1. Taking 0.36 nm per residue of separation and subtracting the Cα-Cα distance, what length does fully extending Asp195 through Asp50 add?
2. With equal scatterers on the alpha carbons only and no solvent term, can you work out the Debye log10 of I(q)/I(0) for the chain at 0.08, 0.12 1/Å?
3. Ignoring ligands, DNA and RNA, how do Arg263, Arg229, Arg41 rank by accessible area with a 1.4 Å probe, largest first?
4. Could you tell me the relative contact order of the range 213-273? Use alpha-carbon pairs under 8 Å, at least six residues apart, and round to a whole percent.
5. With label points built 7 Å along Cα→Cβ from the Cα atoms of Glu233 and Asp86, find their separation and express it in nm.
6. Throw me the Rg/Rh for the range 218-321, computed over C-alpha atoms with Kirkwood Rh, two decimals.
7. Ranked from the most accessible area to the least, with a 1.4 Å probe and all protein chains present, what is the order of Met188, Met257, Met1, Met300?
8. Residues of the range 195-216 with backbone nitrogen within less than 11 Å of a virtual label 7 Å along the Cα-to-Cβ line of His273, please, listed as ranges.
Amino acid sequence: MDWTRLPLARGTVDRAAHRRADPRTLVDGWADSSTRLVLVRDGRLAVHADDAGTRLATPAPQDVPHLAPGRAPDGTVRVFLGVGADGGAVHALVLPDTAGDVDIEGVPTGPADPPGVIWSTLRDVGHLLDDEGALLGATAVGLAAWHERHPRCPRCGARTEPATSGWTRRCTADGSEHYPRTDPAVIMAVVDDDDRLLLGHATHWPARRFSTLAGFVEPGESVEAAVRREVQEEVGLPVGEVTYQGSQPWPFPASLMLACTARATATRITVDHDELADARWFTRDELAAAVDAGDVLLPMRTSVARALIEQWFGGPLGPSD
């Protein structure tokens with residue numbers, strides 16, 4: 001496993017952060033024919049999917065029907081994401097969920113979709129996008145979620161509005177600036193002395209879905225301490241050695257997944273029945289057989305969990321999806 005090539009951590013984009021404070025950045029970019037848009041609606045990305053593969057739909061502003069020249073429709077948020085590989089600016093355009101709205105005569109009132117676009121979640125298509133698309137998609141989805149969840153100032157309760165080219169929100173009453181947050185979370189492949197892998201089934205998951213254990217890092221806690229605490233809390237197992245592997249953003253809505261391997265020093269599982277409904281040890285042959293039989297459904301390929309499982313297994317496991 002190349003931990004520098006995790007599905008949502010592959011790309012590099014010049015974020016050109018020095019341009020965010022310039023009030024002309026969004027205005028000029030909107031009028032520039034070389035600008036590309038990453039469209040987000042209700043947490044979904046606009047993509048093209050055909051025989052050539054799956055890729056972000058990145059139209060120019062003037063190529064999106066119903067967008068007024070020089071500005072985005074009411075209820076949208078724009079974010080300057082940076083400069084793409086082609087040298088043009090890339091903006092995220094977060095659209096209101098008005099796809100089904102019509103007027104009294106049945107005419108759609110919301111912004112029309114560019115031709116050939118479908119709306120897909122980053123979970124479903126992140127691993128299928130190219131490097132730049134994966135990074136831009138993860139950034140756009142994460143910032144869209146942050147803007148949606150922070151309409152008011154945490155200091156005084158007044159409304160906030162986007163500022164700094166979409167990278168901050170400014171309180172309309174006291175002028176304070178607020179920045180996007182990222183919550184560190186550990187996700188770990190726990191193995192025992194016989195090199196069996198521990199997988200758990202969360203209480204809210206569909207039947208037969210199993211994955212690695214995970215949890216948020218608490219204040220005052222190291223990554224290693226978080227791994228040991230989460231494993232102890234969820235399955236009652238003590239953990240010795242913890243090894244960090246890599247990380248990727250997980251904008252659902254604002255996590256950074258820190259992938260680790262961990263060695264359990266005992267094997268008797270005590271499921272908490274709060275977060276987990278079941279947990280099991282698997283040998284490689286047992287897991288392969290369970291996946292082939294449909295008794296175990298693995299996490300999606302965009303996730304770090306799938307990477308951890310397949311690193312332990314020694315290669316791809318289950319359908320290519």
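1. Values: separation 145, 0.36 × 145 = 52.20 nm, distance 4.10 nm.
Length difference between fully extended and current span is 48.1 nm.
2. One equal scatterer on each Cα of the chain leads to -0.44, -0.90.
3. Details: Arg263 85, Arg229 45, Arg41 15 Å².
Solvent-accessible surface, decreasing: Arg263, Arg229, Arg41.
4. Numbers: 88 pairs, mean separation 19.7, N = 61.
The normalised contact order for the range 213-273 reaches 32 percent.
5. Output for this residue pair reads 4.6 nm.
6. Working: Rg = 14.6 Å, Rh = 15.3 Å.
The Rg/Rh ratio comes out at 0.96.
7. Working: Met188 0, Met257 25, Met1 115, Met300 65 Å².
Solvent-accessible surface, decreasing: Met1, Met300, Met257, Met188.
8. Backbone N within reach: none found.
The values are calculated or read from the model by the stated rules, or taken from the named source; none is laboratory data. Keep in mind it's a predicted model, so treat the numbers as computed, not measured. Here Cβ is always computed from backbone atoms with ideal geometry, including for glycine, and neighbour counts include all displayed protein chains. Accessible surface areas use protein heavy atoms only, side chains included; no ligands, DNA or RNA. Shrake-Rupley method; radii C 1.70, N 1.55, O 1.52, S 1.80 Å.
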